[in-house]
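Below is one structure, written out as C-alpha cells; comments come after it.
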C-alpha cells in the first residue's frame, strides 16, 4: 500500500514538474522576445528560472528513485547473481537514505527561517519568495528517502529469501 501511495505521489509531482517546465519555456521565450523587440525584458525572469530549476529537480528526484531511473552499472553485480544485485541495491538505498537524510536535516532550519522571515530572491520590482523552493526541497528529500527505504526492504527480502521474484522491480522506462 505504501508503495502504491508513493508511486502516485511521485507521478503527480512528475506531472507538476512537467507543467513547470512547459510554463518556463513560455516565460523565457516571452522574456527573450520582450528584450529583443521592445527592449523590456520580463522583470524577475532570472529569479523565477533559478528557483524553478531547484523546484523541478526535487520534484523529479522521487520519481527517479522510485522508477529505478538513477544511474547505476550492473557489470559487477550481475556476476554475483540475484543476491549480489540485491546487496548492491541495499547499499545504494542505504547511501541514498543517508545523503538525502543529510539534505533533509540541513534544509529544515533554513526552510523554517524562510517561512518565518519572508525570505525572498531578487531585488527591486520583482521579489520571488524563497520558501516554496525550500519546502519542495524538504518534500522531495522525504519522498526520495521513502523510495530508497522501499527499495531497501525489497532488497532485504531478496537477500533473506534468495528468490528473484521478490527483487526490486525492473526499470519502468
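The values are calculated or read from the model by the stated rules, or taken from the named source; none is laboratory data. Note that this is a predicted model, so its numbers are computed, not measured. Here the Cβ positions follow ideal geometry from the backbone for every residue, glycine too, while neighbour counts run over all protein chains shown.
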Any residue at all in the range 71-88 that is part of a helix (DSSP H, G or I), closer than 24 Å to residue 20 by Cβ and in contact (Cβ under 8 Å) with a residue 40 or more places away in the chain?
no
Selection from the range 1-53 of residues touching a strand residue (DSSP E or B) at 6+ places or on another chain (Cβ under 8 Å) and either part of a helix (DSSP H, G or I) or at pLDDT 90 or above (or both) yields 47, 48, 50, 51
In the range 127-144, residues that are more than 11 Å from residue 110 (Cα to Cα) and without any contact (Cβ under 8 Å) to a residue 60 or more places away in the chain total 2
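Here's the yes/no breakdown for (1) surrounded by 15 or more Cβ atoms within 10 Å (Cβ to Cβ); (2) free of Cβ contacts under 8 Å to residues at least 24 places away in the same chain; (3) under 17 Å from the mean Cα position of the chain (by Cα):
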{"residue": "21", "(1), (2), (3)": "no, no, yes"}
{"residue": "26", "(1), (2), (3)": "no, yes, no"}
{"residue": "44", "(1), (2), (3)": "yes, no, no"}
{"residue": "63", "(1), (2), (3)": "yes, no, yes"}
{"residue": "66", "(1), (2), (3)": "yes, no, yes"}
{"residue": "69", "(1), (2), (3)": "no, no, yes"}
